[in-house]
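What follows is a short report on a single structure.
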Amino acid sequence: MNLEINPLSNDNASINHSHSHNEQALSSQNEISPNEIAKPPDSRIAMYLNYSVKDGDTISSIAQKQNIGSEYIVWNNIHVHDPDELTPGDKLLVPWVEGIIHAVRSDDTVSEIAQRYDATVEGILTFPANKLSDPDSLLRDTMIFVPGGRKITPASTIRPVPGVIPEQSGLWFWPAMGPITSYFSAWHPLGMDIGLLQNTPIVATKPGVVQFVGGDPWVSYGYYVIIDHGDGYESYYAHLSSWPERIQSGAWVEQGEVIGYSGNTGRSTGPHLHFEIRHNNQVIDPLAFLNQ
């Protein structure tokens, strides 16, 4: 019988080494007002602060107080589609210095991460909060900081890419059954949302290898899982509350296997599942797959 890991409970800190590692002051968990933003002391181990948007805030005003470029806030907050529109109460990850917060996947290496963000291996290894003694000490399902890194990944595709489903791929399972509360569109360009009750089982849309489990419960995707299905295809399952113990990076999962439970973590107004399918890092309409 599989145990379930509930990242929201302190009782599980000893069960999942990656989760406990994420809790080791990688971020500042207290809400901070604009006037209180300041650089941490040299002795502080921190990558970013969790910032709650206040009335009148803009990306540029927050960035100016933190003495970083506005683009670094946009790059580190995937849900910010329009940097000119912020809503009071929105949650943002604000890096202490210019760079990229990266979720380490099972197949990542330090050199590949550096190349992806046009950064240096030395910069990643010597950034204190990363606690990397050497490239081999990189831990999957943790967050590391890429100082000076910048986003150079391809832009998302708004319309489905015709002919991208190979004939031998077979059917794609729905990850959960519920009302679609947000369709893939220019206003919601990162997949679709399915309304669900809290702790509804979420299943793998296709067989594949788990690439990432974890995240930050305060912002963006919250806790999420990424599965690599081969041939450049990946699926994302976000805003989870928990996941079975065996769901870890590198684990093989079968189509229809439970990989998590719906929740309300991250940038979410209620329990639901945010579901994505990507091909070569291009986001495409999940319904083009699920309706086959």
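Of all residue pairs spaced 6 or more apart or on separate chains, those with beta-carbon atoms under 6 Å, a first member in the range 106-125 that is without any contact (Cβ under 8 Å) to a residue 60 or more places away in the chain and a second member that is outside any helix (DSSP H, G or I) and aliphatic (A, V, I, L, M) are VAL110/LEU138; TYR117/ILE100; TYR117/VAL146; ASP118/ILE152; ALA119/VAL146; ILE124/VAL146; LEU125/LEU132. Quick check on my filter: what residues within the range 200-216 are in a loop (DSSP other than H, G, I, E, B) and within 30 Å of ILE144 (Cβ to Cβ)? Result: ALA204, THR205, LYS206, PRO207, ASP216.
Filtering the range 188-200 to residues that are out of contact with any Phe, Trp or Tyr (no Cβ under 6 Å at 6 or more places or on another chain), more than 25 Å from ASP231 (Cβ to Cβ) and in contact (Cβ under 8 Å) with a residue 24 or more places away in the chain leaves ASP193, GLY195, LEU196, LEU197, GLN198, THR200. Taking helices (runs of 4 or more DSSP H) as the structural unit, those lying wholly within the range 59-136 and holding at least 1 residues that are among the aromatic types (Phe, Trp, Tyr) and not assigned by TED's automatic domain parsing to the domain that holds THR265 correspond to 70-75.
One line per residue, one yes/no per condition, for (1) at pLDDT 90 or above; (2) out of contact with any His (no Cβ under 7 Å at 6 or more places or on another chain); (3) basic (Lys, Arg); (4) at negative phi:
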position	(1), (2), (3), (4)
SER169	no, yes, no, yes
LEU190	no, yes, no, yes
ILE202	yes, yes, no, yes
VAL219	no, yes, no, yes
GLY222	yes, no, no, no
VAL225	yes, yes, no, yes
ALA238	yes, no, no, yes
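Being surrounded by fewer than 23 Cβ atoms within 10 Å (Cβ to Cβ) and touching an Asp or Glu at 6+ places or on another chain (Cβ under 9 Å) is the requirement here; does GLU257 meet it? No: the conditions fail for GLU257. Taking SER70 as the residue in question, decide whether it is of a type in the set (Ser, Thr, Tyr), more than 17 Å from TYR221 (Cβ to Cβ) and in contact (Cβ under 8 Å) with a residue 60 or more places away in the chain. The answer is no for SER70. Report the residue count in the range 37-70 for those that are among the basic types (Lys, Arg) and modelled with pLDDT of 90 or more. Number of matching residues: 2. Of the candidates ARG246, ARG267, the single residue that is under 23 Å from PHE184 (Cβ atoms) and of a type in the set (Lys, Arg) is ARG267.
Scanning the range 203-214 for residues that are buried (at least 24 other Cβ atoms within 10 Å of the Cβ) and of a type in the set (Val, Ile, Thr) returns THR205, VAL210, VAL213. Taking the numbered list (1) over 15 Å from PRO175 (Cβ atoms); (2) surrounded by fewer than 21 Cβ atoms within 10 Å (Cβ to Cβ); (3) touching a strand residue (DSSP E or B) at 6+ places or on another chain (Cβ under 6 Å) in turn, GLY270 passes all entries but (3).
The values are calculated or read from the model by the stated rules, or taken from the named source; none is laboratory data. Everything quoted here is computed from the prediction, not taken from an experiment. When we count neighbours, we look across all protein chains shown, and the Cβ atoms used for this are built from the backbone with ideal geometry, even at glycine.
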